Amino acid sequence: MTLALSGKDIAKQIEKKFPGCVAESAAESLLVEAQSLLEVAAYLKNTPGLDFDYLTAVSGVDYLECFEVIYQLTSLEHNHSLVLKARCYNRENPTLPSVVGLWRTADFQEREIYDLFGISFTGHPNLKRIFLWEGFEGHPLRKDFL
Amino acid sequence: MATTAKTKEVVINTEPFVVNFGPAHPSTHGVFRMRITLDGEVVVDMEPVFGYLHRGIEKLAEERTYTQVIPLTDRLDYLASMSNNLAYCLAVEKLAGIAVPERVEYIRVIMAELQRIASHLIAVGSFVQDCGAFMTPYVYMLRERERILDLFEMVSGQRLTYNYMRVGGVSQDVPDEFIPALAKFLKEMPGWINEYDRLLKDNEILLARAKGVGILPRDLAIDIAASGPVLRGSGVKWDIRKADPYSIYDRFEFDIPTGTVGDCYDRYRVRVEEMRQSLRILKQAMKGLPRGEVRSEVPHLIRPPAGEAYGHIEAPKGDLGFYLVSDGSIAPYRFHVRAPTLINLTVLADMMRGWKIADAIVIFGSIDICMGEVDR
Amino acid sequence: MAMQWLPPDWPGNFWAHWAVFTVIIVAFILVMFLAFTWFERRALAIMQARLGPNRAGPFGLLQPVADGLKVLLKEDIVPAKGDKLVHWLAPVVAFVPAMLIFAVIPFQGGALLADLNIGILYIVAISSVTTVGIFMAGWASNNKYSTLGAMRQIASVVSYEIPVVLSVVGVVLLAGSLSLQQIVAAQDIPFILLQPLGFLLFFIGALAEINRTPFDLTEADSELVAGFNIEYSGIKWGLFFLAEYAEALAISAIVTTVFLGGWRGPLLPDWLWFLVKVGIIFFVIVWIRTTIPRVRIDQLMALAWKFLFPLALLNLLITAVEILVWPEVSLWVFVPVNIAIAIVLIVLWSKFFKLGWGKVEV
Amino acid sequence: MKFERYGLGIAKGLTVTIRHLLRRPVTTQYPEQRLNPSRRTRGNELIWDEAKCTGCGTCAKACHIGAIHISTSTDLVNNKYEVKSYEVDTGYCIFCGLCVEACPFEALFMSYDYERAQYRRGDLFQSKENMAETPERKVSGYFYPGRAAKLPKQSLLVDNDRGKR
């Protein structure tokens, strides 16, 4: 049974390592500050006890007052999973650091979020639209897209 | 960036040319386009182009009630609609906290495993067709798939987009003549699979075309979060039915076939062995099918409490996940599909580099994608 | 049954003989083309658990006629930037050699258009001209896929010409003459028994020359869509189709004449034996086409140069030794000997040789 | 490529194909031979029972594309709304059967027949007159087990049923 680690005790571990970067930790998810996303992700991936080597899914949500990107992390050996979240607040040019360096699976999934939400990921090798053609203006999955 | 084959004194400069294995090509399993840069026959670089079948299903789902989304999930991976329905219904039941009667669990497992065999039949058939076997294995496997489609048509009324499962159960109970027909199918099917093996398993030319071709190393497979037969072909023993058993998969005993090297031949063998394991599960599920209700008490317009849920199952093509966010209204606020085939394609360019065009098609065929799910 | 021999210029003077046999050959090719098309589609279908054409005429017999009419009425598109003259000439250059091969094939007794005493050399020379036609088609279509297909055709024919020729030379040694009529006359024991390895090599090489499965790389459906005949439609495409089947017919006829004892056989009249044997060989070609996947281009070349070519040389050596050292021993002794040698050689060769490595560091 | 099994694998494959020469082909000749569809088949048409329909419009709301257009009188006539026009645009409809499941008064059925293709898009528009149940426009047993029992048994490939001549 994949044990879903609770955001709280992971938050305590991360708080010790990187003070001040956990924005909010609920029972089943862990919200991290946008700019410290990479360090926390690298920490989660490389520490022997956790080693989340399998990023299952990257999803984007538009909550109108902010964009949220959800990383479902899994570890194949310990068979436990964690939900990591990051938010970006400005709507004109939302940016988040790209995790392609850590998990190559994020390549297409981040391009999809860029294509449908407009969140640009800094450090992504070729951030282009994946489904829509180049000339398409606007990002369809935003709540204010008509 | 012309490659130069340097002999001692003569430098031969061949200028690479770009070929479009475009949206309309006999072996791209749907409207998938590859811009392949060729140096003679050798693939130098490949750039995939998606979006020819993008219908915006995730945007459509935001205007539909939870029940009206089910016909949409049929059209995601149109070769495995039952598994899409099951994954979506499990995610909504997890979101809304709905329990499901015992009989429905067994019916769902039977339908999911039948769908796995049907999807693998198409996968293996089209893979061997890409290797060049002129239609024969493909037509044999389609004949077996027809038997499964007859069972699905008996149960749901349609042969491709079943729209059979509902949140909290299934739309109608299984008719009485279903179990005898299923029993007859289970008695015959192992014989047919053995016949495919006699035709293909150690056919020298298929071995030559598939063994050692398009190797996906183990750690790269984990790094790109491949799933399903692609991941297990590379030797990673990870199957959601065992690792994170949903519905009642922990009651059945079956084992997970894995490949060794991670080449096209291993992926092909993993799919054939998985068909045999599905038959084992089907036998146990058919014996244990209890009597009882097929729908739990679910209001017509389900209003799950505000919140989010991520449910995923072992679909035939990989780890199919649904990420649902609900704001308490009758329609999902956000409906995201984790498409296993889009993610399995992440590293297609690296797997193809250095091989010939004929191998490029075989490698692409061994990953077994379905464009409905890739483009959503 | 005594061998009925027709006088060389049978119906009187030379020109009458030439006229009668030209008509016979052209009629034979067209009728057998229709028969083969229908036969292949039906045999292929039944082996794939389906029915095949059965709507046009009884048992679908008029289906090839219907196809022919359709192809005649279809619009004939020439690619804009393609080379018009070469595009128009290619089907002719591809089809005519396939028809010329039949000049030396004896249908019965003395019944052949020209009893050349260099029959085999003539066949080998003519059969490689079709490659020029196919390359012209590939080049003139101004299409990437067809150019690739045409390049593959040249590569495969060049590398398969030598094993095919060498395996036939073995037969010529036994028969003592190049003329097909003498070869048939010398075949008291069908040469397939005396030359099992030669037959195998010739058959595999011939499959590659008429690019039939498992060597149909020229119009490989999965990667090159339709190879050289992508840009062809209408009667030009029909001619290519005709050329392909005429070549298959030619190969079956050559194999029958050279290895299976041509028209000789008990009971049935001679020409019927010839047709039956041609039919059997064609059924084997169709049977292979339904089952076997396609070989990759570098494996095809490696198979020719590392597998067929050395074996053909060895086969030639063994046959020559047998004939020179033991000329008086009756040939029946050599049948088991040759079959054993063939098996040993194949097992030996397939143990040591790795054919084609595949990945190129780019 | 190594020929390590000396062509035996290919020979085994050839025996499989040749054995099919003796087996019966699986195809059925559609216009002459017909297979019975499943008793719950969702044919490409809707059938509407005017007597039972109370004009409540649940089916129109259940349709996720809005293919059903219904207009009724405003006031209740012996506690039924009198239906003025009831149209189904089968060009939009994807035959998912959600409307049949939603109808509380069992007035809507899927059709058992699958040969309703038309030449012009306009003919796809079904209106009140040509939606009643007639002998040649039969009702499918989808969601109504009672009706399913009356329909002929489905012809399954599993029992080698090729349909009658």
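The values are calculated or read from the model by the stated rules, or taken from the named source; none is laboratory data. Keep in mind that what you see is a predicted model, and the values were worked out from it rather than measured. FYI the Cβ positions are ideal-geometry reconstructions off the backbone, even for glycines, and counts take in every protein chain you see.
Values for this structure:
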| quantity | calculated |
| --- | --- |
| Residue in segment D:77-107 that is nearest to the chain's Cα centre (by Cα), counting only those that are surrounded by 18 or more Cβ atoms within 10 Å (Cβ to Cβ), part of a loop (DSSP other than H, G, I, E, B) and among the hydrophobic types (A, V, I, L, M, F, W, C) | D:F95 |
| Some residue of segment B:323-337 being at the interface with chain A (Cβ under 10 Å from one of its Cβ atoms), under 20 Å from the mean Cα position of the chain (by Cα) and aliphatic (A, V, I, L, M) | yes |
| Qualifying residue in segment C:148-171 (condition: within 27 Å of C:E244 (Cβ to Cβ), in contact with a strand residue (DSSP E or B) (Cβ under 9 Å, 6 or more places away or on another chain) and crowded, with 19+ Cβ neighbours inside 10 Å) | yes |
| Residue tally, condition more than 9 Å from every other protein chain (Cβ to nearest Cβ) and either outside any helix (DSSP H, G or I) or more than 16 Å from D:V16 (Cβ to Cβ) (or both), over segment B:185-209 | 3 |
| Filter result for the condition that a residue is part of a helix (DSSP H, G or I) and within 23 Å of C:V278 (Cβ to Cβ), over C:G133, C:G138, C:G170, C:G149 | C:G170 |
| Subset tally (residues that are more than 9 Å from every other protein chain (Cβ to nearest Cβ) and either surrounded by 13 or more Cβ atoms within 10 Å (Cβ to Cβ) or small (G, A, S) (or both)) for segment D:8-34 | 4 |
| Segment B:226-235, residues that are out of contact with any strand residue (DSSP E or B) (no Cβ under 9 Å at 6 or more places or on another chain) and within 14 Å of chain A (Cβ to nearest Cβ) | B:R232, B:S234, B:G235 |
| Restricting segment D:116-133 to residues that are assigned to a loop (DSSP other than H, G, I, E, B) and free of Cβ contacts under 8 Å to residues at least 60 places away in the same chain, the residue that is nearest to the other protein chains (Cβ to nearest Cβ) | D:Q118 |
| Scan of segment A:30-83 for residues that are in contact with a strand residue (DSSP E or B) (Cβ under 8 Å, 6 or more places away or on another chain), among the aliphatic types (A, V, I, L, M) and closer than 20 Å to B:Y323 by Cα, ordered by number | A:L30, A:L31, A:V32, A:L55, A:A57, A:V58, A:V61, A:V69, A:I70, A:L73, A:L82, A:V83 |
| Number of the exception - B:D45 against (1) more than 7 Å from every other protein chain (Cβ to nearest Cβ); (2) at negative phi; (3) more than 28 Å from the chain's Cα centre (by Cα); (4) not hydrophobic (A, V, I, L, M, F, W, C) | (3) |
| Matching option when the condition is at positive phi and at the interface with another protein chain (Cβ under 8 Å from one of its Cβ atoms), among B:G51, B:G97 | B:G51 |
| Test for C:I123: is it away from chain B (no Cβ under 14 Å), at pLDDT below 90 and buried (at least 20 other Cβ atoms within 10 Å of the Cβ) | no |
| Residue within segment C:177-196 that is touching a Gly at 6+ places or on another chain (Cβ under 7 Å), under 28 Å from C:V65 (Cβ atoms) and either away from every other protein chain (no Cβ under 14 Å) or touching a residue at least 40 places away in the same chain (Cβ under 8 Å) (or both) present | no |
| Residue tally, condition assigned to a helix (DSSP H, G or I), buried (at least 16 other Cβ atoms within 10 Å of the Cβ) and at pLDDT 90 or above, over segment C:40-66 | 10 |
| Condition met for B:D173 (part of a loop (DSSP other than H, G, I, E, B) and at the interface with chain D (Cβ under 7 Å from one of its Cβ atoms)) | no |
| Search result, residues across segment D:35-70 that are touching a Ser or Thr at 6+ places or on another chain (Cβ under 6 Å) and either at positive phi or away from chain B (no Cβ under 12 Å) (or both) | D:E45, D:I47, D:G55 |
| Unique residue being at negative phi and within 14 Å of another protein chain (Cβ to nearest Cβ) when the list is B:D255, B:D266, B:D239 | B:D239 |
| Pairs where the first residue, in segment B:233-252, is within 15 Å of B:R103 (Cα to Cα) and the second is crowded, with 16+ Cβ neighbours inside 10 Å and acidic (D, E), C-beta under 7 Å, 6+ apart | B:S247/B:E105; B:I248/B:E105 |
| Odd one out for B:V10 among (1) buried (at least 18 other Cβ atoms within 10 Å of the Cβ); (2) modelled with pLDDT under 90 | (1) |
| Residue ranges of helices (runs of 4 or more DSSP H) in segment B:54-118 with at least 2 members within 30 Å of B:W192 (Cα to Cα) | B:81-96 |
| Inter-residue pairs, beta-carbon under 6 Å, first over 8 Å from A:F52 (Cβ atoms) and in segment A:70-83, second among the charged types (D, E, K, R) and modelled with pLDDT of 90 or more, 6+ apart | A:I70/A:K85 |
| Residues located in segment B:326-345, provided they are buried (at least 21 other Cβ atoms within 10 Å of the Cβ) and β-branched (V, I, T) | B:V337, B:T341, B:I343 |
| Any hit, segment B:294-314, residues being within 14 Å of chain A (Cβ to nearest Cβ), on the phi > 0 side of the Ramachandran plot, touching a residue at least 24 places away in the same chain (Cβ under 8 Å) and touching a helix residue (DSSP H, G or I) at 6+ places or on another chain (Cβ under 7 Å) | yes |
| Residue check, A:F108 free of Cβ contacts under 8 Å to residues at least 60 places away in the same chain, closer than 23 Å to B:M46 by Cα, aromatic (F, W, Y) and in a helix (DSSP H, G or I) | yes |
| Some residue of segment A:14-27 being within 14 Å of chain B (Cβ to nearest Cβ) and either within 11 Å of A:K85 (Cβ to Cβ) or not in a loop (DSSP other than H, G, I, E, B) (or both) | yes |
| Matching residues in segment B:126-146 - criterion: being surrounded by 24 or more Cβ atoms within 10 Å (Cβ to Cβ) and either within 14 Å of the chain's Cα centre (by Cα) or charged (D, E, K, R) (or both) | B:F127, B:D130 |
| Odd one out for B:T260 among (1) among the polar types (S, T, N, Q); (2) in a loop (DSSP other than H, G, I, E, B); (3) within 22 Å of B:S119 (Cα to Cα) | (3) |
| Failed item in (1) crowded, with 22+ Cβ neighbours inside 10 Å; (2) more than 14 Å from every other protein chain (Cβ to nearest Cβ), with C:L314 passing the rest | (1) |
| Tabulated pairs, segment C:343-355, first within 24 Å of B:G212 (Cβ to Cβ), second modelled with pLDDT under 85 and of a type in the set (K, R), C-beta under 6 angstrom, 6+ apart or interchain | C:K354/D:K2 |
